[in-house]
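Notes follow the structure.
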């Protein structure tokens, strides 16, 4: 009987040792839970914080010509080609995307050492008192007050198309 008890005791000791060894040994790593939405939001926020924003450079829309009817009488051809001379600004002035302060200021036209700046007329503004010129700095159309222009009084202004401001 002593032998049977020693055998039972030995089995219990072996089983207890096996339990202790398996419970204290290396275990398989637990599967981590991943917050997919939170991770994506954190990655997007980190990316947005590291990006550099470019300076806003609004590109003004060019003035549009007033449409002409399709079926009109053809005007008689001029006998003499009009002489277009570039007028000169007589005052420093702003160059706008349309007629007035409610439009974007493109640039200020500075005068040269003789107090003049030659520009090219592109059209007459549909708003009274405004003329559309080619901006001497950016080469795009812009609006200036006609009172700031020194225009040859003999120049035929009807040769220039009427122009409306862009949106």
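No lab work stands behind these numbers, since they all come straight from the coordinates. The shown structure was predicted, so the numbers you read here are calculated from the model rather than taken from an experiment. Cβ: placed from backbone, ideal geometry, glycine included. Neighbour counts: every protein chain shown.
Couple of notes before you dig in:
Conditions (1) within 12 Å of residue 89 (Cα to Cα); (2) surrounded by 15 or more Cβ atoms within 10 Å (Cβ to Cβ), marked per residue:
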{"residue": "112", "(1), (2)": "yes, no"}
{"residue": "118", "(1), (2)": "yes, no"}
{"residue": "142", "(1), (2)": "no, yes"}
{"residue": "145", "(1), (2)": "yes, yes"}
{"residue": "159", "(1), (2)": "no, no"}
{"residue": "163", "(1), (2)": "no, yes"}
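- Residue list for the range 89-107, filter: more than 11 Å from residue 145 (Cα to Cα) and buried (at least 17 other Cβ atoms within 10 Å of the Cβ): 97, 106
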